[in-house]
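Worksheet: one structure, shown below.
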Amino acid sequence: MNVTAVLHYSRFYRSHKGRLALGMTLSLLQSFLLLPVPILVGVAIDQSIPDGSTRSLVLLGTVIVLLTALSALVSVWASAVTSGVSTDAVAGLRSSSIERLMGMSRKAYSTSNPGSVHDQVVHESERVQDMASAVLDQFLPGTVLIIGLAAVLASLNLQIMFVTFAFAPVIYLASRLLGKWVVRRIDRYHGAFETFSRGVLGVLRSMDLIRIQGAEEIEVAEKQAIIEELSAASKSRDVSVTVYFVTQQALVAIVGSAVLIFGGVSVIRGNMTLGDLISFYAAFAMLRGPLSTLAQEAPTVIEGLQSLDRIYRLVETEERPYTGRRRIDLHGGVAMQNVSFGYADEYVVRDINLVLEPGTVVGIIGPNGAGKSTLVNLVLGFYRPDVGTVVADGEPYDNLDMSHLRHSMGVVPQQPLLRPGSVRSNIEYGGPPLQDEEINAALVVAGAQTFVADLADGIDTPVGEDGTFLSGGQRQRLAIARAIVHRPPLLVLDEPTNHLDRDSVGVVVKAIRNAVPEAAILLVSHRDEILRDVDMLLELKDGLIVSTTTADSAVPLER
């Protein structure tokens, strides 16, 4: 283990020190209970049997059985404690990973690979749990038993004990070299698995496109190549693990042969009794168990530590554009003050001054690529300006808890976003449970009451993954209903009528304005029938506001 791995491992159990200490104590006790067994075997052979003392022999056998049984019971108790610790620690790690995902900036999650992130959160945490179980259930008691048995061996015959442990450097060196070899193959396997996971997610997300283009055979061929690489990487990993384990077993077997040879010579020369030799060999036989277990579980620990490191890199990466903690009751006033922002070296929007006030509607128009969506993302706090400041009710975004602030906003994105579940759960999402009357009122404003009433179970009808059971216009209307149901003080509507027919557009926008007349509304659209109802219209071009038209202006909208 390197220093980083040790720090990560100690942090992993930081909140479970008490139970971890109990588990370690029980593991120590489990191992100590077995240490007298080899000595008792020697006593039975050297004293009880030669003396013909059946009573003594039965007593020694009974003590050995009781010690073994008691060690087994303590082992079960220790396993129950350590298993709970490992499970709870992994649960905390998974929770931290999910919280981290919730705090990622829009840039981070929109540019990250879902397959890789999914593998980190799901599969890596499973490997960490396997590693934690191996360390606490196998490595810890095994190490204690090895140390204790080494002391027993030293008490029985110091010379043979030195012969035995003279092989330790060879075993360590083999473990070190083979361990690096195993790590490289584990890394290859993880990379191949992530590629496979990304490929499957890509197929699921592009199924309609694949079928429209008749590209099934192409996709199957591409994924087959990925599967073959994954299979090859899996075989390579499994073979390397087997080589590691078999090599360790072979080295231990060589040590056992050395013990038998040197011990036998000592008995022949009269330097030790046969009972001492059998006791020594019994202790060494007990030693082989934990040594083999450590060799077998070492790849699991190596793999788990790598996974733990990757998860902590995910958790510790700071991506959020704002880290403030202050919470305010938003009244709808949001302003941009000399804001400029770019994704690389070039600004996408420049010198933007924008004021949203309660009870007013500000519209934004502009060609594709003008920066409209970027401006919306800045209002929502998804991005932080490179220059300038965004404020809410006079308070800079830098000071605010953005999740709490966005909870006070109603947002309709360009592409309506729905979750698996019912109409009701989608409209309620992110807020408290609602009465049917509240949901129906929002559906009326969005012009969705008719089609929802015709659904099999009304507002309790499932909408499917991403709303696949609904048309584009129906999904758009539900997104509008969700945005206005809580009467938010700020509405951000980014092309909110993309999927609506021309006759419905003006009706819906007027209904939204009538439903929440006190709200500040930011409306981004290319539809004339929407933009003629705004109080102020801003035209955005090449990231700059090039014209402003107010409701009382006689200047017509220019295209």
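What to note about this one:
- Here the calculated FRET efficiency for Val243 and Thr273, from their Cβ-Cβ distance with R0 = 41 Å, stands at 0.55, rounded to the nearest 0.05.
- Pair Asp436, Arg11: separation of 7 Å Cα→Cβ label points (nm): 5.2
- Positive-end residue, the chain charge dipole about Cα centroid, Cβ charges, pick of Gln337, Thr360, His526: Gln337
- Under the convention that each Lys and Arg Cβ holds +1 and each Asp and Glu Cβ holds -1, the size of the dipole of the chain around its Cα centre is about 1980 debye.
- The simple Förster model, with R0 at 25 Å and r as the Cβ-Cβ distance, assigns Arg211 and Asp457 a FRET efficiency of 0.25.
- Expressed per residue, the C-alpha convex hull volume of the chain stands at 210 Å³.
- Gln415 sits among other residues whose Cβ lies under 12 Å from its own Cβ, and their net charge, with Lys and Arg +1 and Asp and Glu -1, is -2.
- Using only the C-alpha atoms, the convex hull of segment 137-293 corresponds to 111 Å³ per residue.
- Which of Leu294, Leu260, Gly304, positive extreme of dipole for segment 201-313 (C-beta unit charges): Leu260
- Taken about its Cα centre, segment 334-550 carries a charge dipole of roughly 200 debye when the Cβ of each Lys and Arg holds +1 and the Cβ of each Asp and Glu holds -1.
- Restricted to Cα atoms, segment 341-446 shows a radius of gyration and a Dmax of 16.6, 51 angstrom.
- Positive-end residue of Thr450, Ala483, Phe382, charge dipole of segment 377-500 with Cβ unit charges: Thr450
- Ranked by the mean number of other Cβ atoms within 10 Å of their residues, highest first, the peptides 49-56, 27-34 come out as 27-34, 49-56.
- Nearby lysines by direct alpha-carbon distance to Lys372 (threshold 23 angstrom, same-chain neighbours under 8 apart not counted): Lys107, Lys510, Lys541
- If the chain linking Lys235 and Ser83 were pulled fully straight, counting 0.36 nm for each residue of separation and taking away their Cα-Cα distance, it would gain 51.7 nm.
- Cβ-Cβ FRET estimate between Ile146 and His404, R0 fixed at 56 Å, reported to 0.05: 0.55
- Here each label is just a point 7 Å from Cα along the line to Cβ, and for Leu177 and Arg419 those points are 5.5 nm apart.
- Restricting the trypsin sites (Lys or Arg not before Pro) of segment 287-358 to loop positions (DSSP other than H, G, I, E, B) with no more than 11 neighbouring Cβ atoms within 10 Å leaves Arg325.
- Inter-part distance, segment 177-241 to segment 270-300, computed on C-alpha centroids, equals 43 Å.
Every number in this text was worked out from the coordinates using simple rules, so none of it is lab data. Just so you know, these numbers come straight off a predicted model, no measurement behind them. Positions of Cβ are backbone-derived with ideal geometry, glycine not excepted, and every protein chain shown enters the neighbour counts.
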